[in-house]
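Below is one structure, written out as structure tokens; comments come after it.
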Amino acid sequence: MARVVVDVMPKAEILDPQGQAIVGALGRLGFSGIVDVRQGKRFELEVDDTVDDLALERIAEELLTNTVIENFNVTRVEA
């Protein structure tokens, strides 16, 4: 068994209203120096040895990510 992490983030040219709301809230809470926040998604998958990297890329691209507005990164991590 392996753990796979898929991080999904909005593309740089896409507006991120959730991230901007967080920046505003941080300022109101007294946290200074935060210039920008981008909010994304993280998926953790437990996979067996039959799932190869190509299949993981396809899962991320076809199911977990809206590739029109998001980028993704697939990483195998130590369980």
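Considering only segment 63-78, I want to know if a residue exists there that is at pLDDT 95 or above, of a type in the set (S, T, N, Q) and open to solvent by 90 Å² or more (accessible area, probe 1.4 Å). No, segment 63-78 contains no residue that is at pLDDT 95 or above, of a type in the set (S, T, N, Q) and open to solvent by 90 Å² or more (accessible area, probe 1.4 Å). For first residues located in segment 41-67 and of a type outside the set (A, V, I, L, M, F, W, C), partners that are at pLDDT 95 or above and part of a helix (DSSP H, G or I) and lie 6+ apart or on another chain with Cβ distances below 7 Å form the pairs 67/61. Looking across segment 1-54, the residues that are among the polar types (S, T, N, Q), open to solvent by 90 Å² or more (accessible area, probe 1.4 Å) and part of a loop (DSSP other than H, G, I, E, B) come down to 32, 50.
The values are calculated or read from the model by the stated rules, or taken from the named source; none is laboratory data. Note that the structure is a prediction, hence the values are computed from the model and not measured. Using ideal geometry, Cβ is built from the backbone for each residue, glycine included, and neighbour counts are taken over all protein chains shown. Quick note on the areas: whole protein, heavy atoms, side chains included, nothing else; ligands and nucleic acids left out. Shrake-Rupley method; radii C 1.70, N 1.55, O 1.52, S 1.80 Å.
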